[in-house]
2 protein chains.
Amino acid sequence: MNRAGGVELQLPIIQPAELWQESGRWDVYGPEMYRLRDRHGRDFCLGPTHEELITDLFSQEVNSYRQLPLLLYQIHNKYRDERRPRFGLLRGREFIMKDLYSFDMDEDGLEISYRKMYDAYNKIFSRCSLDFRAVEADSGAIGGDVSHEFMVMADTGEDQITFCSACDYAANMEKTPCHLTGEAKSSEEERPLELAATPEACTVQDVASYLQVNTDQILKSLFYNVDGKIVVVLVRGDRSVNETKVLNYLGANMLDTADPHEMLNNYGIPMGFAGPVGLREKTKVTILGDLEVEHLYNTVAGANKPGYHYINVNPRRDYHVDHYGDFRTAIEGDPCPHCGAPLQVQHGIEVGHIFKLGTKYSEAMSATILNENGKEIPVVMGCYGIGVTRTMAAAVEQSHDQDGIIWPAAISPFDVVIMAVNQRDQAQAGFALDLYQQLETAGIDVLYDDRQERPGVKFKDADLIGYPCRVVIGKKAIAEGLVEIKWRATGELVFKEKDRVTAYLQEKLAAMKCSKQ
Amino acid sequence: MNRAGGVELQLPIIQPAELWQESGRWDVYGPEMYRLRDRHGRDFCLGPTHEELITDLFSQEVNSYRQLPLLLYQIHNKYRDERRPRFGLLRGREFIMKDLYSFDMDEDGLEISYRKMYDAYNKIFSRCSLDFRAVEADSGAIGGDVSHEFMVMADTGEDQITFCSACDYAANMEKTPCHLTGEAKSSEEERPLELAATPEACTVQDVASYLQVNTDQILKSLFYNVDGKIVVVLVRGDRSVNETKVLNYLGANMLDTADPHEMLNNYGIPMGFAGPVGLREKTKVTILGDLEVEHLYNTVAGANKPGYHYINVNPRRDYHVDHYGDFRTAIEGDPCPHCGAPLQVQHGIEVGHIFKLGTKYSEAMSATILNENGKEIPVVMGCYGIGVTRTMAAAVEQSHDQDGIIWPAAISPFDVVIMAVNQRDQAQAGFALDLYQQLETAGIDVLYDDRQERPGVKFKDADLIGYPCRVVIGKKAIAEGLVEIKWRATGELVFKEKDRVTAYLQEKLAAMKCSKQ
């Protein structure tokens, strides 16, 4: 961050509600934000992110284009009251983030700052020895038009990313556009609508089996509660609704599956047998259709009557749709939006996310600067986050074996562990302590495991914890002056004379920390 | 902390109520603790301190005397909802603390850990170039019997400390014991009690003027609300009640001045005219008397009747006291509790506080270990805090001049600021950048002030911010290769050849950081 021109600071974790009210996010942030009151009854939150605070700071301290570009960052705790915290450090409610905010005079400046951060993030995650990809991403609650996520490839990852087998396209699956593919069947003959009994068949799979059709001949109707209003999304039976696309199309803040009891009580619609026929007339709800749905003829859909579906349902003739658009989630094999080659899909862990915010916050919070012509304009912002604790967890996901963690040297809590084979042997213990102090003085991050445990226990613990390097003082050290050094990642075992150990470790560790291992 | 055997970790800031309920502090901590609920309605607090968390961690992870002593510490934010946050970093509601917790098998072990920390704290504050004193202190809400505060001497300090002019006694004023001094006047003749009109005289000073007596001939009655009950404390008119001593004597948690309206409405007692005569009979409240009061004869006291005082009030004959004890605050000139020489008083800023906790938390939270005989015993604890942000503020209080801060080198945010006299001059700017990179590579914490401002502005800012060392690249550097180096604390100005600058700065800064400046 420093090398890219960043200046480090530390912002408060407790933030006054007033700033969030100014940006408009106090009311829309939702239950992920921890809120509290102080002894005087004033509202505060625990910062889930810091756009409001940094924008306020900027507006108080900076006023001229001559002070730009400005890159400010901190490394500190963030708080998000996750519905389901899980997987240890991968998704906690309290976690460490590195967040940098860029301030530029115009879009060109932002492009430069954004590129600097994009490059810096690539360097950082490479240095962490991670197998990762930068992918196009949705901007979510942070806002802005352009954003990229840095994804560590891991089967345990909660995100899915699509990437092209032919070109360099890569995106978060929720961001991947889907186009209409295959031949449009608009010429198909429209058969008469029929009501069919489908007792107990209330999933797409059940209905397909019961009526002996493929799932792609079924029209799936999904009901959502979007900012308090019901919205129905129609997709082909074998597709999934992409909730992010629905949210973005509607410009909404919160989307949740609609409550089945409410749907039945308020609208008389039995979930499992819901469908678009007569739905608009009956309920006045908004109905969105995926692009594919517009070309789906003689399909099967719920009849809004328990135990019944319609067959030969056709668009326009049988039901109303307010808007057709791209509302489905891409899948493996879909055509690349850039070149058309089939997309591949992998799971990933989001460890970084960078955003072009533009003037979203600076306009809302009056963070203006005087430009070269003395005109007051809103500053153009970007923000750039790394999940520090999550990056550690992701590194462990990728770098371990049956014995434990294999820390990438650049982020290992300690570079070296040193131990005597027999801690009760004064010669060995003295030798180890002396070497420990030498290493420490030389700036090597070293831990002395001076527990009086059997060597086997200490070796096992060293492998489990995953120090890049293990230094052992045994009989050979006392008799011949040779120190045993073992590297965790490669298993390489070498012996060095005591007075050569420091230089050897310094050189080797520096090399490991500066390049991808 | 590492050198003393400490192991660094990081504990959560958000802490579950359950742990505080286990220790018994959830209900007694009072409004200084920030409390909040998560989305599932569970209670949490923002850690004002971490005894509960660390004791819980210990009880889960450690079970044998062989794993002791154990010293665990963190450097992280703490939260206290102060009634009056003030003086910037000196008393904020969010601040950085270094807190270490020691775990030992017995009191002897605790004594060793406590001494280690005491010595380490002395070294740390000396290294910070602070004028400070370690003083005996009250343990307050943290608990335990023995504690010391590290006080930075400063007239702006909120604490007062007493220290002996003859021996090495030093204590927080609230902890300083007061003994009975002077001749006891028990032989004085008791004159008859009289009621005297004292219209509008409701302060000690007013009454003394009105009745033409000294303030030390008046008996002052102070009413407190202690954990919800009214307690009256009697002291001589020229003395102050020491609320900490009252709290400790009563073993109570919270003490506040009693509400005058409540006193009048519930007990018929008009504040300003309150006194002990008939008080016990009338109100049943607890009455405490300072040691001096027991020997105060023919004194003046409020008559519990608006506009009236009694004169010739005498102990036992005229009023009841539940307990006589040391309830007053020491003042300058009081005898030293160790040697009797007169005490001196100075203001100070508390930057560190160490406590012998004993088994207060380990017993409440079942943090036990097996001792050498296989017997389960509660672990013996200590805790040791440094207010990191407050230490910075205290250093600034002590170390500044009319131009700004003079940072002690050990805690300066940057060691060195480097700048070109004319940032637009490419030769100067290039020279500065090159030297900046050299210094940075050598591990010197250096800031490059590359703003395009006049040199006067940059010099003024450098003095204001207070970098220990200022390096200026001007014409002399370009023409003769000589770099100007100025030391903030001494004003010393030297010129060095470019390739000698790094070594010179390294050596000088290392010396400044290792010893008291």
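So what is the relative contact order for segment A:194-325, in percent, with contacts set as C-alpha pairs under 8 Å and at least six apart? All intermediate terms of the calculation are to be shown ahead of the outcome.
Working: 260 pairs, mean separation 38.5, N = 132.
So the answer I get is 29 percent.
Residue B:404: net charge of surrounding residues, Cβ under 11 Å, Lys/Arg +1, Asp/Glu -1, itself excluded?
-2
If you plug each phi of segment A:391-403 into the Karplus form 6.51 cos²θ - 1.76 cosθ + 1.60 with θ = phi - 60°, what whole-Hz ³J(HN,Hα) values come out, in order, with x for Gly and Pro?
4, 4, 5, 5, 4, 5, 4, 8, 10, 7, 9, 5, 8
Carbon-plus-sulfur fraction of the accessible area of chain B, 1.4 Å probe, in percent?
Working: 11420 of 23830 Å².
Solvent-exposed carbon and sulfur of chain B make up 48 percent of the total.
If you wrap a convex hull around the C-alpha atoms of the protein assembly as shown and split its volume per residue, what is the figure in Å³? Mind dumping the intermediate values first?
Values: hull volume 270.1 nm³, N = 1034.
In the protein assembly as shown, the Cα convex hull volume per residue is 261 Å³.
When all protein chains stay in place, what accessible area (Å², nearest 10, 1.4 Å probe) is found for residue A:40?
Roll a 1.4 Å probe over it and residue A:40 shows about 100 Å².
Grab the other residues whose beta carbon is less than 10 angstrom from that of residue B:316, score K and R as +1, D and E as -1, and report the net.
Numbers: positive: B:317; negative: B:190, B:294, B:318.
Charge balance near residue B:316 sits at -2.
Can you sort B:58, A:87, B:459 by solvent-accessible area, 1.4 Å probe, largest first? Write out the running numbers ahead of the final one.
On the way: B:58 5, A:87 120, B:459 60 Å².
So the residues, ranked largest to smallest area, are A:87, B:459, B:58.
First select every other residue whose beta carbon is under 11 angstrom from the beta carbon of residue B:418; then total the charges, Lys and Arg +1, Asp and Glu -1.
Here the count lands on -4.
Once you keep just the Cα pairs under 8 angstrom separated by 6 or more residues, what percentage relative contact order results for chain A?
16
Go ahead and estimate [θ] at 222 nm for the protein assembly as shown from helices alone: -39,500 (n - 2.57) per DSSP H run with n ≥ 4, summed, over the residue count, rounded to 500.
Using -39500 (n - 2.57) per qualifying helix, the result is -7500 deg cm²/dmol.
What are the aspartates and glutamates whose alpha-carbon lies under 19 Å from the alpha-carbon of residue B:305, with same-chain residues fewer than 8 places away excluded?
Correct list for residue B:305: B:194, B:200, B:206, B:259, B:262, B:281, B:318.
Which is the longest part of chain B that has none of the trypsin sites (Lys or Arg not before Pro) sitting in a DSSP loop with at most 14 other Cβ atoms within 10 Å?
B:84-184
Could you tell me which residue in chain A puts its beta carbon nearest the axis mapping A onto B, with the distance rounded to whole Å?
So the closest residue, with its distance, comes out as A:36, 2.
For a quick check of your reading of the filter: which GluC sites (Glu not before Pro) in segment A:454-517 sit in a DSSP loop and have no more than 12 other Cβ atoms within 10 Å?
A:492
Zone of residue B:57 (label point 7 Å along Cα→Cβ, backbone N under 20 Å): which residues in segment A:429-457?
Residues A:446-451 qualify, since their backbone N sits under 20 Å from the label point.
Quick one: dipole size for the protein assembly as shown, taken about the Cα centre, charges +1 on Lys/Arg Cβ and -1 on Asp/Glu Cβ, in debye to the nearest 20.
Its charge dipole is roughly 780 debye.
Where only protein heavy atoms count, and the probe is 1.4 Å, what is the accessible area per residue for segment B:142-218 in Å²?
Result: 55 Å² per residue.
Would you calculate the separation in nanometres between label points at residue A:42 and residue A:191, each defined as 7 Å from the Cα along the Cα-to-beta-carbon direction?
7.0
With 30 Å as the limit, write out which pairs from B:175/B:229; A:175/A:220; A:123/B:458; A:513/B:513 have Cα-Cα distances beyond it, or answer none.
A:123/B:458
Taking C-beta distances below 4.7 angstrom as the pairing criterion, name the unpartnered cysteines of chain B, in sequence order.
Here B:45, B:128, B:178, B:202, B:383, B:469, B:514 come out as lacking a disulfide-compatible partner, given the Cβ-Cβ threshold of under 4.7 Å.
Along segment B:163-179, what does the Karplus equation 6.51 cos²θ - 1.76 cosθ + 1.60 (θ = phi - 60°) give for ³J(HN,Hα), rounded to whole Hz, x for Gly and Pro?
Computed from phi, the couplings for segment B:163-179 are 8, 7, 7, 10, 10, 9, 5, 8, 8, 5, 4, 5, 9, 5, x, 10, 9 Hz.
Can you give the % of DSSP beta bridges in segment B:406-514 that are antiparallel, to the nearest 5? Show your work: numbers first, answer last.
Numbers: 9 of 17 bridges.
DSSP beta bridges in segment B:406-514 are roughly 55 percent antiparallel.
Mind giving me the nanometre distance, one decimal, between the label points for residue A:229 and residue A:500, set 7 Å out from Cα along Cα→Cβ?
Output for this residue pair reads 7.7 nm.
Search the structure for amide H atoms under 5 Å from the amide H of residue B:348, placed 1.01 Å from N in the peptide plane, and list their residues when 5 or more places away or on another chain.
Correct list: B:154, B:157, B:158, B:159, B:160, B:161.
Cα gyration tensor of segment B:208-277, axes a ≥ b ≥ c as square roots of the eigenvalues: rounded (a/c below 1.5), prolate (a/b > b/c) or oblate?
Oblate shape, in that a/c is at least 1.5 and b/c is the bigger or equal ratio.
Measuring from centroid to centroid over Cα atoms, what is the spacing of segment A:1-48 and segment B:42-110 in Å?
A separation of 25 Å, based on Cα centres.
Compute the distance in nm between two label points, each set 7 Å from the Cα along the Cα-to-Cβ direction, one at residue A:424 and one at residue A:210.
Spacing of the two 7 Å Cα→Cβ label points: 7.5 nm.
I need the calculated FRET efficiency for the pair residue B:115 and residue A:28, taking r as the beta carbon distance and R₀ as 41 Å, to the nearest 0.05.
Calculated transfer efficiency: 0.15.
Tell me whether segment B:439-517 comes out rounded, prolate or oblate; compute the Cα gyration tensor, take square roots of the eigenvalues as a ≥ b ≥ c, and use a/c under 1.5 as the rounded threshold.
Oblate shape, in that a/c is at least 1.5 and b/c is the bigger or equal ratio.
Using a loss threshold of 10 Å², tell me which positions in segment A:82-128 are less accessible in the complex than in their chain alone. Probe radius 1.4 Å, ligands and nucleic acids ignored.
A:83, A:93, A:94, A:96
Once you order the gyration tensor axes a ≥ b ≥ c over the Cα atoms, which shape class does chain A get: rounded for a/c under 1.5, otherwise prolate or oblate by comparing a/b with b/c?
Since a/c reaches 1.5 and a/b is larger than b/c, the shape of chain A is classed as prolate.
Let me cross-check residue B:145: its accessible surface, 1.4 Å probe, with only protein heavy atoms counted, in Å² to the nearest 10?
Rounded to the nearest 10, the figure is 130 Å².
Which aspartates and glutamates have a Cα less than 16 Å from the Cα of residue A:245, not counting those fewer than 8 places away in the same chain?
Candidates past the 8-residue exclusion: A:136, A:138, A:145, A:159, A:174, A:227, A:256, A:290, A:292, A:322, A:326.
The values are calculated or read from the model by the stated rules, or taken from the named source; none is laboratory data. What you see is a predicted model, and the numbers here were worked out from it, not measured in a lab. We place every Cβ from the backbone using ideal geometry, glycine too, and count neighbours over all the protein chains shown. All accessible areas refer to the heavy atoms of the entire protein, side chains included, with ligands and DNA or RNA removed. Shrake-Rupley method; radii C 1.70, N 1.55, O 1.52, S 1.80 Å.
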